[in-house]
Each structure stands twice: as C-alpha cells, then as structure tokens.
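K.L.:
One structure coming up, written as structure tokens, with questions to follow.
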Amino acid sequence: MPISVNQNLNRAQSFKSVLSPLNSAQLQAQNATVQNNIQPAIQAQNNVSAPAMINPGVQKPVPMQQNQGLQNNMVSTPNQAIAGQNSNILKPNSAYMPGVGTVPSGYFIKSEEGHGNEDHIIKKTPLTGAKIMADKITKDIFVYAPKGMQGSKNSNFYEFLSLGIIPYIAGSAGLIATSVAASKFFNPNDTKASRMMAKNTIAGVLLYAGMKWLGSKVINAGTKALTGVDMEMPYKKVISELPENGQEKVVTEFHKVFESVDFPRWDLINKQGEEHGNRYEYYDNIAKDKLGCEEPLNAPDQVVQPLIKQALTKAMAAKSIASFLWAATGVAIAAQKPFSEFMSYQQKPGVLKVVKDFVPKFTKTFAESAKQLWKGSNTASSVVGKTLIIATGAVTALGLANVKRGYKIDKEPSKSKIDYTKDYMEN
C-alpha cells in the first residue's frame, strides 16, 4: 500500500474541495455585478463628453455623481474582489489564502490575527518551544518521512534536518530496551545488579537530554540578559507547495529569526516594529537598555546589526561546547547510587500523591547525586567528578563573558583632526 501524505494530519487541504466550487460561483456573480456597474458609468461618461443639447424636458447629467457611484460600486483591487466574494461564503480568519484555503498554523500552535499568508514572528510564551518541538516531531513522523520516501518534489532541506531528531529518539529507546531486556539472560544472583544498571541507563538517557537542553537554555538566557538578543525568537514561515497530483497545499514551518548568523530575518524584526509604530523599535531598545545610549541613534539598524551578529557567533560557539558538557554532567549524576534508589521506587500510592511527591524527591535525589559525584568514591573518581563539574561551570561563564566582550559602541562622536602645520594647496 503506497504511503500517502494527503491522508495525514493536514488541515489546510480538507476545506479546499468544499470551498472551491462555491468560490468559483460567487466569483462569477461578483464579476457580473461589477460589469453591470461599469457599463452605465461608461455610457454616462460618453454622454458627458459630447456637446449637451438644451432640452427643458431632460435633466442634465451630473458627471461627479456618476463617477462617485462608479467608485462606490467597483472593487479597487483583485485581492479585495476575492475577499468580497469569499465573505459571503465563509468568514476567513487571518490565515486564509484565496484559492487554497485555511493556512495551517501548526498542530499545537493557534493562528494569529493580522498576518494571513505572510511570515511573521510568533508571540513567545513559556510553552512555545515545547509546542514547536511537538509540532516538529509530529510532522517528522506523519509528513516529512512519507514525503521523503515518496521522493516528493516539495521535500526540502529543512525537512531533512528536522528528521535528524528521529535517530536520537529511536537510539535512546533502543538503548533503554536493550538494557532492560538483557536482565533476563543473567542468573538470579546477577539479575538484581543488571536491573539496577538498566535503571541507571534510563536515568542517564533522560538526564542527558534534560541537561543538554538546560545548558542551551542557560546560554540563551544569559545572552538575552547581556545583549538583549533572543536566540530562540520564533517565527512562522508559510510555504505554498508546488502542485502534486493536481492538488495545491500550503504548509507551515517554524524557524528562529537568528538561526542563521549570516542571514537573520531582519525583515520580520522591522515589520514587527512597524506594527508597533516604530520600524527600529528592536534596535532602539537594545541601544538604550544594553548599549547605554541615552539618545536615539541616527541609523540604529546599521549600528546594532553588526553587534548582534558578533554576539550570535560567540553565543552559538559557547552553546555548542557548554551544552555537551552539561549533558556529560547529567549522565555522570545519573550513574550515582541515589539515582539507582530513585529509579527503584516500589511504592504505588495514588496518582495525585505521585505527582505531588515527584518534584521534591527528584530534587533531593539530584542534589545527593551531584554531591556524591563531587566527593567520589575514591581519589580518582573525585578528581574526575570535580573536573567535570568545574569545567561545565567555567565554560558556561567564560562563554557568556566572551559574548559580552566587545558588545559596545563608541558613544563619543568622531572628530576630524587637521594638522595646521602642514601646507595645503587649492586647485
């Protein structure tokens, strides 16, 4: 049975088959109405242009009234005509594209008003990152992978990179399953030790992902606090795909404004500023809050943009190094004895009690494991544990210090210096 992407969770296409016949009929009716309004107006203008005969029984036509009627009845632009003909059938929201249908905003993120089919920055909330990740994983499994296996001409490099998370998930699940399944092959005396190692493996996999994510967040938060640059600023990209099998589709991708140091989406930042009444609002805020400028700059974008690129380059390098050190520290903490006892929790109380007790118990276990990693069971393990913890903190702190270094502007205006002792000759 061939894999069909159209059978997956695509909300954009589901409305098109219903709306297209109605839209076509309504468009014909609208065109007929416009033609009926245009013809009398043209005839009236032709009559005005000819010499008027004096006839007491006939009222003289008034050109301005005819022209005003024409302007009121005509639709000024094709887009307005299409919007008018759709309004009688459906009240389109901001994410409606004529001839295509409703633009999907993502499986877990609601559409926003006032943007339609244009790329735009998303309002960030504490759960925005988690929703985008859930949306990406869902599309990886149900959309991107089938498209790639079909050889779709609409598959792109973003989808290829997005699929990179699948091996991480599959590999982690395979490692856990192998560790757990191996315990039954040992003799009864070794089964207990094998199960304990399997539980440590589970904790290690979870803490690897969790600590790596936490390390990235620390660098991101530090960079934003020091420079005002949010490396995680998200935006929604709307893409009209090439027709396949006689069908058109509109898809959405979620990117970061600063995911490319060479080509940040300055246009989206400027557009957001224009919506707030100041095209350079973002740069003015950075210049005032982070660069110490008391007065607005003459060209804030030209001054601040190079500094933002410089900070992004340093921050990305720091995040790449620090996040893996954080992940290694997490694995080392998970290998300690307190986490083995934590994973061997046998009591089965009510669900509410488990939820209530989990956070304090996990926090206590994490602190005890970190303390045990620092002390070590012997001299060698103590040295390794202390080195790992100190290196993680030092790289994070030095990386953020390097981001801040050089992030400033010369507040004093440049002065031209002329050596009056030299002779000058005018041509």
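Here, each number is a calculation from the coordinates, and none is a lab measurement. What you see is a predicted model; the values in this text were computed from it and never measured. Virtual Cβ from ideal backbone geometry, glycine too; neighbours counted across all protein chains shown.
K.L.:
Dividing the alpha-carbon Rg of the range 316-388 by 2.2 N^0.38 Å yields what?
P.N.:
The range 316-388 yields a ratio of 1.35.
K.L.:
Quote to one decimal, in nm, the extra length available between residue 266 and residue 153 on full extension: 0.36 nm per residue of separation minus the C-alpha distance between them.
P.N.:
37.8 nm
K.L.:
Counting residues in the range 277-334 as N, plug N into 2.2 N^0.38 Å and put the Cα Rg over that result.
P.N.:
The range 277-334 yields a ratio of 1.69.
K.L.:
Provide, in order from the shortest bin, the percent of all Cα-Cα pairs of the range 120-215 in each 5 Å bin, continuing until the bin that contains the maximum pair distance.
P.N.:
It works out to 2, 11, 14, 15, 15, 13, 11, 8, 5, 3, 1, 0, 0, in whole percents.
K.L.:
While we're looking at this one, here's another question. Find, to one decimal place in angstroms, the Kirkwood hydrodynamic radius of the range 189-325, where the mean of 1/r is taken over every pair of different Cα atoms and then inverted.
P.N.:
Kirkwood hydrodynamic radius for the range 189-325: 18.4 Å.
K.L.:
Figure the gain on full extension for residue 285 and residue 197 (residue separation times 0.36 nm, minus the Cα-Cα span) and round it to one decimal in nm.
P.N.:
So the chain would gain 26.5 nm between residue 285 and residue 197.
K.L.:
What is the sum of charges around residue 338, taking Lys and Arg as +1, Asp and Glu as -1, for the other residues whose C-beta is under 14 Å from the C-beta of residue 338?
P.N.:
Here the count lands on +4.
K.L.:
For residue 230, what charge total do you get from the other residues with a beta carbon under 11 Å from its beta carbon, if Lys and Arg give +1 and Asp and Glu give -1?
P.N.:
Neighbourhood net charge equals +2.
K.L.:
Can you tell me what the convex hull of the Cα atoms of the range 181-232 projects to on average, as an area in nm²? If you can, show how the numbers build up before the last one.
P.N.:
Numbers: hull surface 17.1 nm².
With the hull built on Cα positions only, its mean projection is 4.3 nm².
K.L.:
Cα-based Rg (one decimal) and Dmax (whole number) for the range 215-276, in Å?
P.N.:
Using the Cα atoms of the range 215-276, the pair Rg, Dmax is 15.8, 52 Å.
K.L.:
Separation between the residue 165 and residue 124 pseudo-spin-labels, each 7 Å from Cα along Cα→Cβ, expressed in nm?
P.N.:
1.7 nm
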